[in-house]
Amino acid sequence: MKAHTIHGVPLAMQQDGWWLSPDSGGDKADGRVRMRRQDGAKAALLLCLIAVGDVLVWNVMPAVGLALLALIITAAGLAVAWPRLDVRRRAGISAGAVLAILPLVELVQPLSMLIAFAGALVGCVVLAGVPLADLGRASLRLLWIGPVQSAVDAAGVVSGFGRLSLADRDLRALLLGWTLPVLATLAFLVLLAASNPVLDQVILRLTDFEAPRLNGWRIWFWGVLAALIWPVLVARRMKERLRHRAPQWATVQRQGVINAQSVARSLVAFNMLFAVQTGMDVLYLYGDAALPEGISPAAYAHRGAYPLLVTALLAGLFAVVARPFLRGQPVVRVLMLVWLGQTLALVFASVWRLDLYVEEYGLTRLRLAAYVWMGLVAAGLGIVLVQIWRDRPAIWMVLRSGALGVVALYACAFVSFDATIARHNLSHPVHSDMELLCEMSEDVVPVLRDRFGPGWRKQCAPYFWTPSVFAPEDWREWGFRNWRVRRSLAAMNITAAEIAVP
């Protein structure tokens, strides 16, 4: 059928019917304009955050200033993504940020920085809107997707500057839009300053400033800050790449060295071997039987502590790998449970050995960390034992073991190992190593002062290092643990000269 065209449509109607055209492209253009405006606002926010980071962190001892900067960056990212987040994610990000930053307030150390960095990764992934089921994998992917996003956006900005053209029409619009507000505001500011001496003094202070001294390291610091902050502000753009799943390929299961027969035979051999070790521990550790000639109780205790810990770790790994072959094999399942029980007994024997050695030679950082890891290994083996007993899936064990490790590391960030070591070694009849204590952090100073009195420095005189208490120059260098140390010394009526660096 031939289309009939009506001629003579008024021009006004033609112009008013622009919305009838399917190829107008107006929505796309408006979307690009909104995107550019949002990126411009985020770029301005990025510059403000870099300035805040320069004030809080640059050229000062990292302490509460670093924690405050991390909190401000998180708040900025949360504010940008606020309209797209539900109440649950908002509360989760806020609470998680506070928990991740608290160790930095306590003490800036590698462990607290690791916790804060891990919290930042998880928080950025939650800001992006990634489902909670993909949280762990997305957090790891952010390690390279985040820097790539920063580099791509920076390259886009540089190329955008090359495409800028200031036409006469654009220059005229710029002058017409900004000439009046700028000149009128300056005129009113001059008049108000002339009538208000307080305002005049404030303006003089704001205009009389010394530009910051720029050097290569400071510019590099700004660049690092920009690369770390920008992914937080544009987290939504990375959502699909963060949650991307690799294609699953169908594979043919082939029998390998780990199979039902090899697992059963291994468990029989493991149970027999571990029974010998458990019997010797009962005989020599708990039964106080005489050791063979040339082996002292301290040597027996110290030599077995760490190898048995590694043995327990390998045993737990084998139990996880061999678990699929226990189904339908009740005898093999019982052998696995018995062997895990013997492995737990080995861990307890390791703790007993280490405790005997510490009673003789005192604590060190490595020995105190061994206590923590032995406790984690014992708890992890207990989780694996319950998993096999109740036939739980592997993810059940992984989640609980991972949560246990995270909680243990988080708690360690608030414990002063050095002060614990000093208190134990100086209050027990052990072969205390004064050189070890003198090389530790400021946390040992109150313990040394309480034990040796005003002459505590003489105990460290023969050695290269003497601990001293750090005194922050301003609030940015304040730390909660350092504050507690100084407060303890103040309670002893100790002067600053006594604890200062000689």
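Here the range 423-502 has 56 percent of its accessible surface on carbon and sulfur atoms, given a 1.4 Å probe and all protein chains in place.
Remark: the Cα gyration tensor places the range 378-430 in the oblate category, a/c being 1.5 or greater and a/b not exceeding b/c. The calculated FRET efficiency for the pair Arg88 and Ala290, based on their C-beta separation and a Förster distance of 60 Å, comes to about 0.40. One decimal place: the segment Arg218-Trp144 gains 24.2 nm when fully extended, by the rule 0.36 nm per residue minus the C-alpha distance.
Label separation (Ala154 vs Gln109): 3.3 nm, computed from points 7 Å beyond Cα along the C-beta direction. Remark: spin-label model distance Leu186-Trp389 equals 8.1 nm, labels positioned 7 Å along the Cα→Cβ axis. Extension gain, Met272 to Ala260, is 2.4 nm, computed as 0.36 nm per intervening residue step minus the present C-alpha separation. Spacing of the modelled spin labels on Asp134 and Ala75, each 7 Å from Cα toward Cβ, amounts to 3.1 nm. For the pair Phe452 and Leu399, a Förster radius of 60 Å applied to the C-beta separation gives a FRET efficiency near 0.80, rounded to the nearest 0.05. I want to make sure I understand the PRE zone here: with the label point 7 angstrom from the Cα of Ala51 toward its beta carbon, which residues in the range 68-99 have backbone N atoms less than 16 Å away? Residues 73 qualify, since their backbone N sits under 16 Å from the label point. Residues in the range 367-384 carry Karplus couplings, in order, of 5, 5, 5, 5, 4, 5, 5, 5, x, 5, 5, 4, 5, x, 5, x, 5, 5 Hz; the curve used is 6.51 cos²θ - 1.76 cosθ + 1.60 with θ = phi - 60°, and Gly or Pro positions show x.
The values are calculated or read from the model by the stated rules, or taken from the named source; none is laboratory data. The model shown is predicted, which means the values in this text are computed figures rather than measured ones. Positions of Cβ are generated from backbone atoms using ideal geometry, with glycine treated the same way; all protein chains shown enter the neighbour counts. Protein only, heavy atoms only, side chains kept; ligands, DNA and RNA dropped before computing areas. Shrake-Rupley method; radii C 1.70, N 1.55, O 1.52, S 1.80 Å.
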